[in-house]
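The values are calculated or read from the model by the stated rules, or taken from the named source; none is laboratory data. Given the structure is predicted, the values throughout are model-derived calculations rather than measurements. FYI the Cβ positions are ideal-geometry reconstructions off the backbone, even for glycines, and counts take in every protein chain you see. Heavy atoms of the whole protein, side chains included, go into the accessibility calculation; ligands, DNA and RNA do not. Shrake-Rupley method; radii C 1.70, N 1.55, O 1.52, S 1.80 Å.
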Amino acid sequence: MLIISIVATLLITIVTVLPLFKFKHWIVRGMDFPRLQIAFLAGALLLVHVIFLDLTLNVTYLFIYAATTLCLLWQLWWVLPYTVFWRKEVKTSKVMDHNKTFSVMTANVLQTNHNSGALIDLVSKYQPDILV
């Protein structure tokens with residue numbers, strides 16, 4: 001169990017530390033995105049450590065707990081501001097005056113797409129104030 005725990009901790013640590021480097025390769029930059037999944041895995045791994053590993057003050061175990069906990073905290077530091085557990089930056093308006101609202105429509109259109117009529121129809125239907 002110790003070997004599996006060490007390998008899992010090393011993998012979690014690598015995918016947490018990898019985005020700190022300024023490499024532009026897609027493997028490195030790709031680790032910026034699954035932060036919630038990495039945090040979940042780090043939390044589950046920490047729970048497995050607590051349940052199955054001996055809690056004596058051995059240096060190896062201390063490093064395993066510390067590395068997993070630091071990885072979990074680092075990932076949560078990135079994820080928590082986007083959850084309901086964090087304070088909102090912009091408060092929800094209580095006034096429902098439709099004269100004081102605006103609408104935004106975004107469209108991600110491939111350059112080779114020549115079916116512009118479909119987008120024009122959507123814009124005509126919804127008449128957004130801002131089209132991106």
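Of note:
- Highest-fluctuation residue, 74, 26, 86 considered, GNM on the chain with Cα pairs under 10 Å: 26
- Between the stretch 89-132 and the stretch 63-88, the alpha-carbon center distance in angstrom: 35 Å
- Rounded to the nearest 20 debye, dipole of the chain from Cβ charges on Lys, Arg, Asp, Glu: 280 debye
- For Kirkwood radius over Cα pairs in Å, calculated from these coordinates, the label among [x] 17.1; [y] 14.8; [z] 19.2: [z]
- Per-residue ellipticity at 222 nm from helix content only, as computed over the chain with -39500 (n - 2.57) for each DSSP H run of at least four residues, stands at -17500 deg cm²/dmol.
- Surface composition of the chain: carbon plus sulfur atoms hold 70% of the accessible area, using a 1.4 angstrom probe and ignoring ligands, DNA and RNA.
- At a probe radius of 1.4 angstrom, the accessible area of the chain per residue rounds to 84 square angstrom.
- Partners of residue 125 within straight-line reach, counting lysines whose Cα lies under 22 Å from its Cα and excluding those fewer than 8 residues away in the same chain: 100.
- Within the listed set 32, 121, 54, the Gaussian network model of the chain (springs between alpha-carbon atoms below 10 Å) gives the highest mean-square fluctuation for 121.
- FRET efficiency for residue 40 and residue 6, using Cβ-Cβ distance with R0 set to 25 Å, rounded to 0.05: 0.80
- Listed residues 58, 113, 99, most fluctuating in the chain (Gaussian network, C-alpha, under 10 Å): 113
- Over the chain, relative contact order from alpha-carbon pairs under 8 Å, at least 6 apart, %: 23 percent
- Sequentially through the stretch 80-90, phi angles give Karplus couplings (6.51, -1.76, 1.60; θ = phi - 60°) of 4, x, 9, 10, 6, 7, 9, 5, 6, 7, 10 Hz, Gly and Pro residues having no value and appearing as x.
- When the stretch 37-132 is described by a simple charge dipole with +1 on each Lys and Arg Cβ and -1 on each Asp and Glu Cβ, the residue from 74, 122, 108 located farthest towards its positive end is 122.
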